[in-house]
Amino acid sequence: MREPFAGWLRLVAEVFASALERTAMEDALRASEGMKSAILSSLSNGVAVLDSDGTIVAVSQSWTIEGATVGSNYVTAWRETARAGASHGSDAAAGIAAVLARERDSFAFEYTARDPTAERWYSMVVVPLNQPDGGAVISHTDVTERKRAEVNAQRSRQELAHFTRVSTMGALAASLAHELNQPLAAILSNAQAARRFLDAARPDLGEIRSILSDIVEDDKRAGKVIEGLRELLRKGETEVELLDLNALIRDVVKLLGSDALIRRVRMHLDVAAEPLIVAGDRIQLQQVVLNLLVNAMDAMADCPTEERVVSVQTELCNGQTARVSVQDAGPGILTGQHDLLFEPFYTTKPTGMGMGLSISRSIMEAHGGLIWATNNPARGATFSFAMPIRNGTAT
Ligand SMILES: Nc1ncnc2c1ncn2[C@@H]1O[C@H](COP(=O)(O)OP(=O)(O)OP(=O)(O)O)[C@@H](O)[C@H]1O
Ligand SMILES: [Mg+2]
């Protein structure tokens, strides 16, 4: 959306620049008055023309920025808002100054401001005037409606993602119970053993101490399972952090371990040697991996047991993209199904919701990534996603 707009603004800048260039310096503005006002009055955005010092020399009718009228200095006005406490003021001033100094060939900036009733969003684009004397054209737009729509879309995505996460977890309940049962059973038998030791005439305290340590460890293990679940069921705002995709995938594979066992599916994990650091929301990315793994296992429900293998692979491509693929040996993607897979509510499963892949795609889009599916040469399908690598270390 911004690109064509910036192009349009550049056109306005060029018209102004040539109008100014064609006339003598001192009466440049006066001589081009007719053209200038014709252009300015036709604009629905707030537009202002600055000279090379940042002084406003002309504004459109819809330019209604308080305290920024013809004759005043726009860069100074932003610096003043910074001094008055607006944190974005100095960024804006620096961006405009950089365009005026021809250090940058455009500057785009979005910021919020409170009007008396509500918070509003504004977008500002600055492009240079292409004339010897320099200067710039500023366009100022109220983008509150678009921002609200974005926020609403983000909220619905989060709610839907949460909803499907909860239902996936519901489906996994049996295997999670199994996962919890292991440490609980170990705690029970250790506690019984300790009691027997205590019944002895001369209890072996060393042995009892080691039994108690085992109990503590098992308790921690159970706690971790519950913690992981809580985390996944949490209904939270998106939280972007730097994380290692390899570690994240190991966690999800572990979480699904008992489910795989019950379904007699072997999981084969092949992770890249180097950490794959990406910026993302941990829970959302876990959900993508979870969806792909559950789908892969579902796809092999009718395969002979020995063929039920899911291979998860992570790799670094071109040094800048992390790619994760989940390969199964099921029936693969059916003819004509390719375009439907990622559509909401498309499912071929009796109890499916058809939301897994559609949610995964919107999560990937929000992370600047891609998700796609291909059939394997021999049999089965491979679902992959890719997203940009970041510099830094996982938090
Ligand atoms: N690995 C796979 N192999 C073959 N077909 C698949 C695979 N993964 C997904 N599909 C097809 O894509 C459809 C949509 O998958 P999606 O995950 O969006 O929904 P679902 O698994 O049916 O339901 P849920 O909302 O519970 O995830 C599936 O019903 C299935 O037909
Ligand atoms: Mg699914």
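Values in this text are rule-based calculations from the coordinates and carry no lab data. All figures in this text were calculated on a predicted structure; none of them were measured in a lab. Cβ: placed from backbone, ideal geometry, glycine included. Neighbour counts: every protein chain shown.
Any idea what the dipole of region 210-350 comes to, in debye rounded to 20, about its Cα centre with Lys/Arg Cβ at +1 and Asp/Glu Cβ at -1? Before the final figure, lay out each step's value.
Numbers: 15 positive and 23 negative charges, 51 e Å.
Dipole size: approximately 240 debye.
Think of each Lys and Arg Cβ as +1 and each Asp and Glu Cβ as -1; about the Cα centre, that makes the dipole of the chain roughly 920 debye. Spacing of the modelled spin labels on Glu207 and Glu66, each 7 Å from Cα toward Cβ, amounts to 8.1 nm. As a rough footprinting exposure proxy, the listed residues Phe16, Phe163 were ranked by other beta carbons within 10 Å of their own, and the order from fewest upward is Phe163, Phe16.
What would the Debye equation give as log₁₀ I(q)/I(0) for region 238-395 at q = 0.11, 0.15, 0.18, 0.19 Å⁻¹, counting only Cα atoms as equal point scatterers? Taking Cα atoms of region 238-395 as identical point scatterers yields -0.41, -0.78, -1.12, -1.24.
Along the axis of the charge dipole computed for the chain (Cβ charges of +1 for Lys and Arg, -1 for Asp and Glu, origin at the Cα centre), the listed residues Val57, Ala279, Ser72 are led at the positive end by Ala279.
Where both partners of a DSSP beta bridge lie in the chain, what percent of those bridges are antiparallel, to the nearest 5?
Values: 49 of 54 bridges.
Bridges in the chain are about 90 percent antiparallel.
By its C-alpha gyration tensor, with a ≥ b ≥ c as the square roots of the eigenvalues, how is region 289-368 shaped: rounded for a/c under 1.5, else prolate for a/b larger than b/c, else oblate? Verdict is oblate for region 289-368. Lysine pair count for the chain (Cα-Cα distance under 23 Å; residues 8 or more apart in sequence or on different chains): 5.
Binning at 20 angstrom from zero up to the longest distance, how are the C-alpha pair distances of the chain distributed in percent? P(r) for the chain, in whole percents per bin: 21, 35, 28, 12, 3, 0. Running a GNM on the chain with Cα contacts under 10 Å, which residue among Leu50, Leu160, Leu255 ends up with the highest mean-square fluctuation? Among Leu50, Leu160, Leu255, the largest GNM mean-square fluctuation belongs to Leu50. Enter the angle in degrees (range 0 to 90, nearest 10) between the Cα long axis of helix 74-83 and the first principal axis of the Cα atoms of the chain, meaning the one along which they spread out most. So the helix axis and the longest Cα principal axis differ by about 50 degrees. Helix 89-100 and the longest principal axis of the Cα set of the chain meet at an angle near 60°.
As I understand it, the dipole of the chain uses +1 on the Cβ of Lys and Arg and -1 on the Cβ of Asp and Glu, about the Cα centre. Which of Ala247, Ala92, Thr81 lies farthest toward its positive end? In the chain, that residue is Ala247. The HN-Hα couplings worked out from phi for region 340-354 by the Karplus form 6.51 cos²θ - 1.76 cosθ + 1.60 (θ = phi - 60°) are 8, 3, 8, 7, x, 6, 8, 8, 10, 9, x, 10, x, 9, x Hz, whole numbers, x standing for Gly and Pro. Here the 3J(HN,Hα) profile of region 203-217, calculated from phi with Karplus coefficients 6.51, -1.76 and 1.60 at θ = phi - 60°, is x, 7, 5, x, 5, 5, 4, 5, 5, 5, 5, 4, 4, 4, 4 Hz, Gly and Pro shown as x.
Less than 5 angstrom separates the built amide H of Asn376 from those of Ala381, Thr382, all sequence-distant by 5 or more or on a different chain. Here r is the Cβ-Cβ distance between Lys220 and Ala247 and R0 is 22 Å; the resulting FRET efficiency, rounded to 0.05, is 0.70. Taking amide H positions as modeled 1.01 Å from N, with prolines and chain starts lacking one, no residue 5 or more places away or on another chain lies under 5 Å from Gly369. Between the listed residues Ile371, Thr168, Thr314, the Cα displaced farthest toward the positive end of the dipole of the chain, a dipole computed from Cβ unit charges relative to the Cα centre, is found at Thr168.
Please rank Val99, Val12, fewest neighbouring Cβ atoms within 10 Å first, as an exposure proxy. Let's see the in-between values first.
Numbers: Val99 24, Val12 21.
So the residues, fewest neighbours to most, are Val12, Val99.
When the helix-only estimate is applied to the chain (DSSP H runs of n ≥ 4, each -39,500 (n - 2.57), divided by the residue count), what is the mean residue ellipticity at 222 nm, nearest 500 deg cm²/dmol? Mind showing how you got there, number by number?
Details: 12 runs with 187 residues, N = 395.
For the chain, the value works out to -15500 deg cm²/dmol.
The angle separating the long axis of helix 173-199 from the principal Cα axis of greatest extent in the chain is about 50 degrees. Per-residue 3J(HN,Hα) values for region 56-68, derived from phi via the Karplus relation 6.51 cos²θ - 1.76 cosθ + 1.60 with θ = phi - 60°, read 6, 9, 7, 9, 7, 4, 8, 6, 10, 7, 4, x, 10 Hz in sequence order (x marks Gly and Pro).
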